Amino acid sequence: MQPIAYGKQHITDQDIQAVIDTLKSDFLTQGPKIKEFEDAFANYVGSKYAVAVANGTAALHLCALALDVKPGQKVITTPITFAASANCVRYCGGTVEFVDIDPHTFLIDIEKVKALIAREPAGTFSGIIAVDFAGKPVQLEALKELATNHGLWIIEDACHAPGGSFVDRHGATQKCGNGAFADLAIFSFHPVKHIATGEGGMITTNDQALFEKLIELRTHGITRNQQQFVNDVNFACGGEVIEPGKYPGWYMEMQTLGYNYRITDFQAALGLSQLSRANEGLMRRKYLAKKYDEAFNGHPFVKSQLNELTPDSSSHAYHLYVILAQRRHALYSFLRSHQIFCQIHYIPVHLMPYYRGLGWRPGDMPQAERYYTECLSLPMYPTLTDEEQKFVINKINEFYLHS
Ligand SMILES: *Cc1c(COP(=O)(O)O)cnc(C)c1O
């Protein structure tokens, strides 16, 4: 048996050929593959616009910049997420306000968000970063109602949930990242995620103004759109005006402080190729989840959400399959000794030394902290074979039988 990780990319010959073709083309970066990938991705999640960027963290940073997060502003997020969901607020000098999770969904508890907002004076918070943790979609319709009532924006961190969806109160399916409720959504193409480009990320939105801001911020705050130019045409032409009102071909303006957060064309080509298999991968993840559900249904030592066995209206995308396990550390070590490399998602972000330094303490988020004592992410990726999954389940059962 080969070592089994918790997550793993799947690169096919078609993927490799797509990268080679792009390497042989005229563009390694800023070429046509990026727009192609953006259009295909927007189509996949059902958003109007998509902006491909260097990674998921850059995507979050650009979102915070586009929404004008500033020092003194407070932004709400969950402690059970990758640190970047919170850090993007800090990059802009804002303050992170963690809100505890719902112990049943492991997602930010919308009731607690409501209570927090009600407790503080109006205008205390600027926005909410909601995370579709493990691939389970946040009920954004309810969150949006709350956000609208209090003038807050929403960023959906959908890194775990490409292809996930929930059903709104009109019975319509709302795909993660479709921009119907969140102002902006972000995705990552790190190898453990559904779609791999090495490093890479995507922002999706239905808001044209935000889209245009993101495009500018992605490339140094530079615009080449004549309609937006600030400096006068005489300056731009160097005094040598050839045609009245016409800016020279070379002219561009850096209007705001932006970054180089671009993705390359060969990464975009890989992303496009991977995206063409996204549904296949998602189906396999659901299949594996159902098998895990069956294995842990009624298990005396392991609790799982059993999403496929007891479905609610949402469609889980299964970036992760999380169990709550008794004697979790011993189980983790036992599985490692059998070459099964599980992971923990996540160590609560508010208890990272950096956030403790900002005043957060144990006991602040009791549900998240309790969750952390038992959570374990089992192997979950499309190329995990039935045989490998059975091996994982058998080893878990063996652990509890003999210890
Ligand atoms: C992976 C991930 C990110 C960051 O993405 P990178 O591409 O690694 O920068 C942000 N949020 C969540 C929830 C993630 O899983």
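Values quoted throughout were computed directly from the atomic coordinates according to the rules given, and no laboratory measurement underlies them. Since this is a predicted model, take the numbers as computed values, not measurements. Here the Cβ is made from the backbone with ideal geometry for all residues, glycine too, and neighbour counts use every protein chain on show.
Miscellaneous remarks
- Boolean, Leu116 is surrounded by 21 or more Cβ atoms within 10 Å (Cβ to Cβ), outside any loop (DSSP other than H, G, I, E, B) and away from the ligand (no atom under 15 Å from the Cβ): no
- Under the condition of being under 19 Å from Arg277 (Cβ atoms) and outside any helix (DSSP H, G or I), the residues counted in region 4-55 number 9.
- In region 149-169, of all residues being more than 14 Å from the ligand (Cβ to nearest atom), assigned to a loop (DSSP other than H, G, I, E, B) and among the small types (Gly, Ala, Ser), the one that is nearest to Leu272 (Cα to Cα) corresponds to Gly163.
- Of the residues making up region 197-238, those that are surrounded by 22 or more Cβ atoms within 10 Å (Cβ to Cβ) and within 15 Å of the ligand (Cβ to nearest atom) are Thr197, Gly200, Gly201, Met202, Ile203, Thr204, Arg218.
- Count of region 303-317 residues which are under 19 Å from Pro162 (Cβ atoms) and aliphatic (A, V, I, L, M): 1
- Region 260-302, residues that are in contact with a strand residue (DSSP E or B) (Cβ under 8 Å, 6 or more places away or on another chain) and aromatic (Phe, Trp, Tyr): Tyr261, Tyr292, Phe296, Phe301
- Single residue of region 119-140 satisfying the filter (charged (D, E, K, R) and under 20 Å from Asn307 (Cα atoms)) that is farthest from the ligand (Cβ to nearest atom): Lys136
- Residue ID - farthest from Thr124 (Cα to Cα), chosen from residues in region 15-56 that are away from the ligand (no atom under 16 Å from the Cβ) and aromatic (Phe, Trp, Tyr): Phe27
- Failed criterion for Thr81 (all others in (1) part of a loop (DSSP other than H, G, I, E, B); (2) more than 14 Å from the ligand (Cβ to nearest atom) hold): (2)
- Scope region 59-106; condition of a type in the set (D, E, K, R) and touching a helix residue (DSSP H, G or I) at 6+ places or on another chain (Cβ under 8 Å); matching residues: Glu97, Asp100, Asp102
- Where Gly179 falls short, out of the listed (1) crowded, with 24+ Cβ neighbours inside 10 Å; (2) at negative phi: (2)
- Qualifying residue in region 181-194 (condition: away from the ligand (no atom under 15 Å from the Cβ) and touching a helix residue (DSSP H, G or I) at 6+ places or on another chain (Cβ under 9 Å)): yes
- Among the residues of region 57-78, those that are near the ligand (Cβ under 10 Å from one of its atoms) and either more than 21 Å from Arg361 (Cα to Cα) or surrounded by fewer than 21 Cβ atoms within 10 Å (Cβ to Cβ) (or both) comprise Thr57, Ala58, Ala59, Leu60, His61.
Residues checked against (1) in contact with a Pro (Cβ under 8 Å, 6 or more places away or on another chain); (2) over 27 Å from Leu376 (Cα atoms); (3) among the basic types (Lys, Arg):
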{"position": "Phe125", "(1), (2), (3)": "no, yes, no"}
{"position": "Gly164", "(1), (2), (3)": "yes, no, no"}
{"position": "Gly177", "(1), (2), (3)": "yes, no, no"}
{"position": "Ile186", "(1), (2), (3)": "no, no, no"}
